[in-house]
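**Student:** Starting off with a structure, shown below.
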Amino acid sequence: MSNWTHKGEPNPEQWGQQVSQPPQAYNGQPAPYPGPTPNYAQPTTSTSPTPLVETDYDAYQGDRFKPRKRIHDPIFLVFFILQFLGFVALSAIVLHTWVANNGFGGGLGGENTGTPFVLNQSTVYLLLLVTACAVLLSVVYLMLVRMFTRAIMHITLLLTIALNIGICVYYWITRYFSGAIIFTIIALFSIFSYFGFKSRIPLASLLLQVVMDVSKHHISVYVVAFTALILQAAMSVWFVFTSIAIYEKWTPGSVTCSTTSCSSGKVAGLIFYATFSYLWTSQVIGNVALATLAGGPYGTWYYFGPKEMGEMPKHPTLSAFARASTMSLGSIAFGSLIVTLLELLRMVLNAAQSMARADGSPVEACLWCCASCFIDCIESAIRYFNRYAYIEIALYGKTYLGAAKSTWRLFKDRGIDALVNDSLVGMTLTWGAYAVGMLSSLFGYLYLRLTHPAYNASGQYTAPVILFAFLIGLMCSLTLSSAIEAGVSTIFVGLGEDPQVLSLRAPALYGMIAETYPQVVVGV
């Protein structure tokens, strides 16, 4: 950890100052700003903060940003590669058979195609316009969040409570008692927790503003996020076609059964394997993107300062991606595998619950519902924990278990109370994603009403278009939000390890943290 010292003991009240003027000089140089809008807090006192003295600080300390060149968790890396190659081989076999048996119905635009008039030029324009609208709305929402952060956070908290109450009431009305009991507890918890979250809004809003200002100066943040989104979308389409082809090839009674053995067990086993491979690979893609952002633009900003300072390494995002996709890929695959197995288990429990409800066994359905909810809570906790572990992996190149130990120690030393502020940030961005999705679906509906495309003459494609528009808007906004959340979590990790570094990057943020959580800014 760093060896920073203060000239005297700091008064926490001195740190919440207005920083519209350049902060106190540091070693003869003005302190850097994360962006052009540094007024992150209202003034609380006119006293300047106690200056910091650097004593042999090294940003590369502890193999940070320059880990030892060796592959970590190689067993999980080999396992991940083998399962992906297995999925590729399985997909190639079944898709070849499917296409050979006219699986696409003659191809796009052919005489045998079921919908040759739907995927036409008008539809392409519609999807492109919806995507452009979604990106524009997402950017506008982030701008509004930047300008009215506290107000929007209050609104999202109230909306979360209203949603939980609404779901609870709906389940009681429809006599779905197991879900009603669970959401009653969730609704009550959200009401009681509102007052705790409310007190955290000033700090969470300040943190969100800092991260958004940092991201404005690093276009690579959004390049990485959208690249991951495109890869995950392509993986989803690939999985859907592979699953259809598996059913077509090995379902008893299929035309291909004359040349190969078919059984329902074989179909179930292959679908399970394809689902496992899809979930694991998608998890790894998203987590490699997280590690790239944490070890690239956000991590280097925290430890080296803005690019204008001249101390940031060259091409930090590319370097972080190279580490995450090679030496640390096994560690990322390890953590992703845990979440994948829990997700599969939850899917099995949900299927068992549906079967119990169909069989008219309410007690059994309630038990399966409770078990599914319990697994879902564990999965969410591990996802949250893993996010910090991947940041440790990105910064130091640790193994997964080593990163998990460091994360747990970070939680214990700094207090989980200080770390849950990014949950409030995530809640704010998620509600914005839903709003963008709704507005995108409205845009799609208006497009259909104003252009009157021939394929929708009777309105049979209005609902699918609205649904796809909503999903496109939701995913575009969530993609931008995930990039922002990565920065929030990275700052928390840096704050837990070297808190005084933040006093240079964002003095007002450091001051508010020192006021709210003084134990966090004590050097480790």
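The values are calculated or read from the model by the stated rules, or taken from the named source; none is laboratory data. Please read all numbers here as calculations on a predicted model, not as lab measurements. Every residue, glycine among them, receives a Cβ derived from its backbone with ideal geometry; neighbour counts consider all protein chains shown. Please note that ligands, DNA and RNA were not included when accessible areas were found on the heavy atoms of the full protein model with its side chains. Shrake-Rupley method; radii C 1.70, N 1.55, O 1.52, S 1.80 Å.
**Student:** Just to be sure, is Tyr247 at pLDDT below 85, assigned to a helix (DSSP H, G or I), more than 20 Å from Val288 (Cβ to Cβ) and open to solvent by 30 Å² or more (accessible area, probe 1.4 Å)?
**Tutor:** no
**Student:** Here is a further query. Given the conditions (1) modelled with pLDDT of 85 or more; (2) open to solvent by 40 Å² or more (accessible area, probe 1.4 Å), which single one is not true for Ile391?
**Tutor:** That leaves (2) as the condition not met.
**Student:** Every residue in the range 345-391 that is in contact with a Lys or Arg (Cβ under 8 Å, 6 or more places away or on another chain) and of a type outside the set (A, V, I, L, M), please. Break it down into steps so the answer makes sense when it comes.
**Tutor:** In the first step, residues of the range 345-391 are kept if they are in contact with a Lys or Arg (Cβ under 8 Å, 6 or more places away or on another chain); the result is 365, 372, 375-376, 379.
Those that are in contact with a Lys or Arg (Cβ under 8 Å, 6 or more places away or on another chain) and of a type outside the set (A, V, I, L, M): Ser372, Asp376, Glu379.
**Student:** In the range 428-524, which helices (runs of 4 or more DSSP H) lie fully inside it and hold 2 or more residues that are hydroxyl-bearing (Ser, Thr, Tyr), under 29 Å from Val135 (Cβ atoms) and open to solvent by less than 10 Å² (accessible area, probe 1.4 Å)? Before you say what the answer is, go through the steps one by one.
**Tutor:** Numbers: elements: 462-497, 502-505, 507-516.
Passing ranges, in order: 462-497.
**Student:** If a residue has to be within 21 Å of the chain's Cα centre (by Cα) and either under 19 Å from Met212 (Cβ atoms) or free of Cβ contacts under 8 Å to residues at least 24 places away in the same chain (or both) to count, how many in the range 430-489 make the cut?
**Tutor:** 20
**Student:** Report yes if Val267 is of a type in the set (Val, Ile, Thr) and in contact (Cβ under 8 Å) with a residue 40 or more places away in the chain, otherwise no. Give the steps one after another, and end with the answer.
**Tutor:** Working: of a type in the set (Val, Ile, Thr): yes; in contact (Cβ under 8 Å) with a residue 40 or more places away in the chain: no.
It is false that Val267 is of a type in the set (Val, Ile, Thr) and in contact (Cβ under 8 Å) with a residue 40 or more places away in the chain.
**Student:** Which of (1) at pLDDT 85 or above; (2) closer than 30 Å to Asp63 by Cβ; (3) basic (Lys, Arg) is the odd one out, the single condition Lys307 does not satisfy?
**Tutor:** All conditions pass for Lys307, except number (1).
**Student:** Evaluate the following for Ala204: is it open to solvent by less than 10 Å² (accessible area, probe 1.4 Å) and small (Gly, Ala, Ser)?
**Tutor:** Details: open to solvent by less than 10 Å² (accessible area, probe 1.4 Å): yes; small (Gly, Ala, Ser): yes.
Against the criterion (open to solvent by less than 10 Å² (accessible area, probe 1.4 Å) and small (Gly, Ala, Ser)), Ala204 qualifies.
**Student:** Among the residues of the range 225-244, write down those that are touching a residue at least 24 places away in the same chain (Cβ under 8 Å), open to solvent by 60 Å² or more (accessible area, probe 1.4 Å) and either of a type in the set (A, V, I, L, M) or outside any helix (DSSP H, G or I) (or both).
**Tutor:** Matches in the range 225-244: Leu231, Ile244.
Per-residue answers, yes or no, for (1) over 21 Å from Thr479 (Cα atoms); (2) crowded, with 19+ Cβ neighbours inside 10 Å:
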{"site": "Ala294", "(1), (2)": "no, yes"}
{"site": "Tyr303", "(1), (2)": "yes, yes"}
{"site": "Pro313", "(1), (2)": "yes, no"}
{"site": "Leu318", "(1), (2)": "no, no"}
{"site": "Phe321", "(1), (2)": "no, yes"}
{"site": "Ala324", "(1), (2)": "no, yes"}
{"site": "Ile338", "(1), (2)": "yes, no"}
{"site": "Leu341", "(1), (2)": "yes, no"}
{"site": "Val348", "(1), (2)": "yes, no"}
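**Student:** Here are some conditions: (1) among the hydroxyl-bearing types (Ser, Thr, Tyr); (2) part of a helix (DSSP H, G or I); (3) free of Cβ contacts under 8 Å to residues at least 24 places away in the same chain. Thr275 meets all but one. Which one does it not meet?
**Tutor:** (3)
**Student:** Among the candidates Thr174, Thr131, Thr156, which residue alone is open to solvent by 30 Å² or more (accessible area, probe 1.4 Å), of a type in the set (S, T, N, Q) and in contact with a helix residue (DSSP H, G or I) (Cβ under 7 Å, 6 or more places away or on another chain)?
**Tutor:** Going through Thr174, Thr131, Thr156 in turn, just one is open to solvent by 30 Å² or more (accessible area, probe 1.4 Å), of a type in the set (S, T, N, Q) and in contact with a helix residue (DSSP H, G or I) (Cβ under 7 Å, 6 or more places away or on another chain): Thr131.
**Student:** Does the range 184-201 hold any residues that are open to solvent by 50 Å² or more (accessible area, probe 1.4 Å) and either among the aliphatic types (A, V, I, L, M) or in contact with a Phe, Trp or Tyr (Cβ under 6 Å, 6 or more places away or on another chain) (or both), and which are they?
**Tutor:** Hits for the range 184-201 are Ile185, Ile186, Leu188, Ile191.
**Student:** Let me ask you something else. Given the criteria modelled with pLDDT of 85 or more, part of a helix (DSSP H, G or I) and within 28 Å of Phe468 (Cα to Cα), does Val169 qualify?
**Tutor:** Working: modelled with pLDDT of 85 or more: yes; part of a helix (DSSP H, G or I): yes; within 28 Å of Phe468 (Cα to Cα): no.
It is false that Val169 is modelled with pLDDT of 85 or more, part of a helix (DSSP H, G or I) and within 28 Å of Phe468 (Cα to Cα).
**Student:** Next question, about the same structure. Does the range 351-358 contain any residue that is open to solvent by less than 20 Å² (accessible area, probe 1.4 Å), in contact with an Asp or Glu (Cβ under 8 Å, 6 or more places away or on another chain), within 17 Å of His72 (Cα to Cα) and not acidic (Asp, Glu)?
**Tutor:** No, the range 351-358 contains no residue that is open to solvent by less than 20 Å² (accessible area, probe 1.4 Å), in contact with an Asp or Glu (Cβ under 8 Å, 6 or more places away or on another chain), within 17 Å of His72 (Cα to Cα) and not acidic (Asp, Glu).
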